[in-house]
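Laboratory data are not the source of any read-out in this text; all were calculated from the coordinates shown. Small disclaimer: the values here were computed from a predicted structure and weren't measured. All Cβ positions, glycine included, derive from the backbone under ideal geometry; neighbour counts span all protein chains shown.
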């Protein structure tokens, strides 16, 4: 019976460490890296970039100089200049305007035609740096409550993992102490 408890305890501790590592890694790539680099995490809300960026994908967008944007890059831009609503589409043409600025013709990977209006450089927020499938659903699910709900969920998962790890360590030390007390002198 003790062997079975040891195995179950070890599994619980391993799962807790795995959960802790997963939460820490997801926090790092979805919040930490963007915060440290000036990038912005955003959730993909439509299927226009499927299959590359399906709905529910978290994209991390970093600002880049306009002259570095190339054909094939996925840019995130304001649909209407000054409006916070953005879309991420692939650059299919780059035009240099006579005043020294750039315009981009964009198209969603799942769309049959380019977007109707060129994207002016003042609309561009940046280029998609990396993406994490499915993680955007968390942002979509919490919506406007995300400012407090996502960190709260992260803290709750970390606390749960800590309790599991602590109980596993405590149980192991009790078994070790009991086993050493049972040994003859």
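Some points to look at:
- Debye intensity ratio I(q)/I(0), log10, the chain, q values 0.08, 0.14, 0.17 Å⁻¹ (C-alpha model): -0.42, -0.83, -1.07
- Length-normalised contact order for the chain - Cα pairs under 8 Å, 6+ apart - percent: 25
- Separation of alpha-carbon centers, the range 1-77 and the range 101-137, rounded to whole Å: 20
- The packing ranking, built from the mean of other Cβ atoms within 10 Å per residue, places the peptides 16-27, 47-58, 93-104 in the order 47-58, 16-27, 93-104, highest first.
- A Stokes-Einstein calculation at 10 °C with viscosity 1.306 mPa s, built on the Kirkwood radius of the range 40-134 over Cα pairs, returns a diffusion coefficient of 120 µm²/s.
- Highest-first arrangement of 159-165, 127-133, 64-70, where packing means the average Cβ count within 10 Å: 127-133, 159-165, 64-70
- Sequence ranges 83-90, 39-46, ranked by mean other-Cβ count within 10 angstrom, highest first: 39-46, 83-90
- Inverse of mean 1/r across different Cα pairs in the range 87-136, Kirkwood, Å: 12.3
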